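Participant: Got a structure for you, questions after.
The values are calculated or read from the model by the stated rules, or taken from the named source; none is laboratory data. Note that the structure is a prediction, hence the values are computed from the model and not measured. Ideal geometry is used to build each Cβ from the backbone, glycine not excepted, and the neighbour counts take in all protein chains shown.
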Amino acid sequence: MRTSRVVVAVLTAAVLLAGSGTASLAAKGKAAGVGNSLAKTMRDMGFDYQHAQWTSQMTQTEEGGKVTKTSSQIWISGDKMRMETKDRRTGEQMIIIGDGKDEYIYNPKEKTATKMGAMMRGMFTGMMDSEAFQQAAERRKNAKKSGTETVSGKPCTIYAYQQTFGGLTSDVKEWVWTGKNFPMKTIVSTPKQAMTMMGMKTTVPASTTESVVTDLVLNKAVPASMFELPKGAKVQDMDKMMQGGQGGEDEEEDEGEDEGGDEGGDDGQGKDQIPPEVQKMMKGLF
């Protein structure tokens, strides 16, 4: 199952959404702090809405005919955000909850939550603060108009441009809600190519990813409960686990897992103690 790749793709789409149709970071004179929440970083980058919620239907087709279809629901309110992504074939679900201070990867099946570490948060906020993002923002700003079309009931202007992140170059086509600067449909076509991320070299297969926004609601308050972890969720800290510790905030439950996790801490990496859903997401980055 490749839900991890799709979650990363959705997060990256949120990164791109931040700058759609707005002034670049340099022009605004702001800096996206790596320590900021993802929602705040998006707004610092030009996302114009204090409150927003929408559904995105995404289809990713890789070379060889592999197809992944997911549905994602996203809610944003101030510095808080929630994203629920579900594989439409297997029903596997992953939820990211940002309470304004921290982001968590929540597994509803296991009722566990992993606090997103500085590395992963920095990867996305850093992406928005990078020179590559600035170049992409400028390319989007100067993108060629190729027509108009209505998507999900919204009149859109169609733009085409190229973007490059992490050495990966893609052709992008966006259907942007005219006057609202909100992408209602996006098609990203990426040819097979080699790339390097965090010092790791890999070959990325050719793919086409299409996402369509439905049920869009802007500037309507979202209930605060949407950005809270469910009661009883066992919380673990990704940074502590990466350093070889359990990282659990529930001491009583953690004691019951110590015996099964000691071997994974011998090399100082804590690999065996990292929850499967986090391993999947990290693997999907490469």
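Participant: Of all residues in segment 190-239, how many are assigned to a strand (DSSP E or B) and either surrounded by 14 or more Cβ atoms within 10 Å (Cβ to Cβ) or of a type outside the set (Gly, Ala, Ser) (or both)? Quick ask: steps written out before the conclusion?
Facilitator: So in segment 190-239, the residues assigned to a strand (DSSP E or B) come out as 190, 193-197, 200-204, 207-218, 234-237.
Now narrow it down to the ones that are either surrounded by 14 or more Cβ atoms within 10 Å (Cβ to Cβ) or of a type outside the set (Gly, Ala, Ser) (or both): 190, 193, 195-197, 200-204, 207-218, 234-237.
Here the count works out to 26.
Participant: Answer with yes or no whether Thr70 is part of a strand (DSSP E or B), at pLDDT 90 or above and surrounded by 21 or more Cβ atoms within 10 Å (Cβ to Cβ).
Facilitator: Numbers: part of a strand (DSSP E or B): yes; at pLDDT 90 or above: yes; surrounded by 21 or more Cβ atoms within 10 Å (Cβ to Cβ): yes.
So Thr70 fits the description; yes.
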